[in-house]
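First comes the structure, then the notes that go with it.
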Amino acid sequence: MATILRDKVFVRFSILILVGLVQATNYYFYDALSPLKSVLESELGFRSTDYGLFVAAYSIPNLFLAMAFFGGIILDKIGIRRTGFIFVFLMAVGSFITAYGASDYYREGGMFHGFMSSFLESYSPELKMMLFGRFVYGLGAETSIVVISKIIVKWFKGKELALAFGLKIGLARGGSALAFIISPRLIDSAFGWNTPIWFAASLVGMGLILFMIYMLQDVRLDKQMGITTMKQNKEDQFKWPDLVALLTNRSFLYVTALCVTFYSAVFPFLSFSSDFFLNKFGFSLEQSGDISSFLPIGTTIFTPLFGLFVDKRGKSATLMIFGSLLLLIVHLTFALTYATPYLMMIILGIAFSLIPAAMWPAVAKIVDEKKIGTAYGLMFTIQNIGLAVFPILAGVLLDKTNPPGSETLDYTATILMFAILGLVGLMFAILLKRQDKISGYGLELPSNKKA
């Protein structure tokens, strides 16, 4: 059998780095404003509820329009290249709209400022424009992750699949880590406090260019594999019974439920974490951002290692249980004690490495490859229910449990909410392991083996 591109170790890992960097620019932008919460409050008059709404706007298109789900169907129907370009392009456009909403030009009456001032007057024009930008960015970002996940399966299935997912996630979380470190240090730039937002948007633009480079290699691989667009469309046509099969598959339902509870306990927390450290421990803005960066830095280091472990030894379901338990312990410690946040964020980074390194390759065992886009899309859509709801709840809890004008914010109720999510996730992880013994997908076996 002739050697094709994905059979070459250097080529497929080069592709991994390329698409991993695309996702890293996505994650950088998602977290770039997290260290700026207090600055958004002082410069734009945001309340905690406004900030929570801004964070949640990312998930609105995936919650109400189910874009990640339909994006997954589109991906399975028209292929990686066209789907990826459309949604990475939307991601880039949305990031620049967000930056424009915080710009001095817009605030001084620039284009669309008057229109944004004409409705919902209780919300500032800056907040509304930034919400719109975040919405468009979210419209593309989640489906772009689905696309990149299918790319990993396409190039690595039957090879180093869990390691590849681990490295891809590690690269992406590296983007998050840099956002927490760099954003606070760009606030004092000569170009203005909003420099970190423009910088983040520029990185997303670079991600679009990187994806276009990937498209050229994808064309070459498809030619070598004898895949044409017409053939791909006919074979991978989405059928509604496929969705019914997913929704009646207990293993898929449990891993999806774990996905939504786990990520809802981590991403919204991370968005508030810098402000949490600033208020509870009295750290500076830069120190708070640095501590928050420990979580994505930890995932950058540990996720590939756990992925390699899954490839060689398996134990995916067990690792998901252990990661969920660590998550619960960390949030309870944050809520009820003053234990050093440095150590707790390292432990949270380990938890946030364990579950993704085991979860995403596990889905490739549960679901047929031709429908993997639909499966990942459905998971991301359900996940975004949590990512839309819980940032808003976190902001509302902060405003409700703290008197107006408080010098410091009490985060106890908010962090306990995240701990409850961790507990529910632990229950689903246990159910998943129990169900795997019945279903026989072999989640406890190495990545290249099935029961």
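The values are calculated or read from the model by the stated rules, or taken from the named source; none is laboratory data. Not measured: the values here are computed from a predicted model. FYI the Cβ positions are ideal-geometry reconstructions off the backbone, even for glycines, and counts take in every protein chain you see.
For this structure, a couple of remarks:
- Filter pass, residue 337 being crowded, with 24+ Cβ neighbours inside 10 Å, polar (S, T, N, Q) and over 22 Å from residue 430 (Cβ atoms): no
- Being closer than 29 Å to residue 377 by Cβ, out of contact with any Cys (no Cβ under 9 Å at 6 or more places or on another chain) and surrounded by fewer than 23 Cβ atoms within 10 Å (Cβ to Cβ) holds for only one residue in 314, 307, 323, and it is 314.
- Answer residue from segment 1-41, given it is more than 22 Å from the chain's Cα centre (by Cα), charged (D, E, K, R) and surrounded by 15 or more Cβ atoms within 10 Å (Cβ to Cβ) and is modelled with the lowest pLDDT among those: 6
- Any hit, segment 44-65, residues being in contact with a Lys or Arg (Cβ under 6 Å, 6 or more places away or on another chain), within 20 Å of residue 386 (Cα to Cα), crowded, with 22+ Cβ neighbours inside 10 Å and among the hydroxyl-bearing types (Ser, Thr, Tyr): yes
- Flag for residue 256 being of a type in the set (Val, Ile, Thr) and farther than 20 Å from residue 411 by Cα: yes
- Within segment 247-265, being under 22 Å from the mean Cα position of the chain (by Cα) and hydrophobic (A, V, I, L, M, F, W, C) holds for 252, 253, 255, 257, 258, 259, 260, 262, 265.
- Taking (1) of a type outside the set (Asp, Glu); (2) out of contact with any helix residue (DSSP H, G or I) (no Cβ under 9 Å at 6 or more places or on another chain); (3) within 25 Å of residue 174 (Cβ to Cβ) in turn, residue 42 satisfies each apart from (3).
- Residue in segment 88-110 that is surrounded by 21 or more Cβ atoms within 10 Å (Cβ to Cβ), of a type in the set (A, V, I, L, M) and over 21 Å from residue 65 (Cβ atoms) present: yes
- Selection within segment 409-450 - closer than 15 Å to residue 334 by Cα and out of contact with any helix residue (DSSP H, G or I) (no Cβ under 8 Å at 6 or more places or on another chain): 420
- The criterion of at least 1 residues that are of a type in the set (S, T, N, Q) is met, among helices (runs of 4 or more DSSP H) falling completely within segment 1-79, by 9-32, 37-44, 48-57, 60-64.
- For segment 119-151, the set of residues classified as modelled with pLDDT of 90 or more, of a type in the set (Gly, Ala, Ser) and in a helix (DSSP H, G or I) consists of 133, 138, 140, 141, 144, listed by residue number.
- Of the criteria (1) crowded, with 24+ Cβ neighbours inside 10 Å; (2) of a type in the set (A, V, I, L, M, F, W, C); (3) at pLDDT below 95, which one residue 116 fails: (1)
- Test: residue in segment 400-411 that is in contact (Cβ under 8 Å) with a residue 24 or more places away in the chain, surrounded by fewer than 21 Cβ atoms within 10 Å (Cβ to Cβ) and assigned to a helix (DSSP H, G or I): no
- Per the listing 275, 311, the residue uniquely modelled with pLDDT of 90 or more and either at positive phi or among the acidic types (Asp, Glu) (or both) is 275.
- Selection status of residue 69, crowded, with 24+ Cβ neighbours inside 10 Å, out of contact with any Ser or Thr (no Cβ under 7 Å at 6 or more places or on another chain) and under 23 Å from residue 361 (Cα atoms): no
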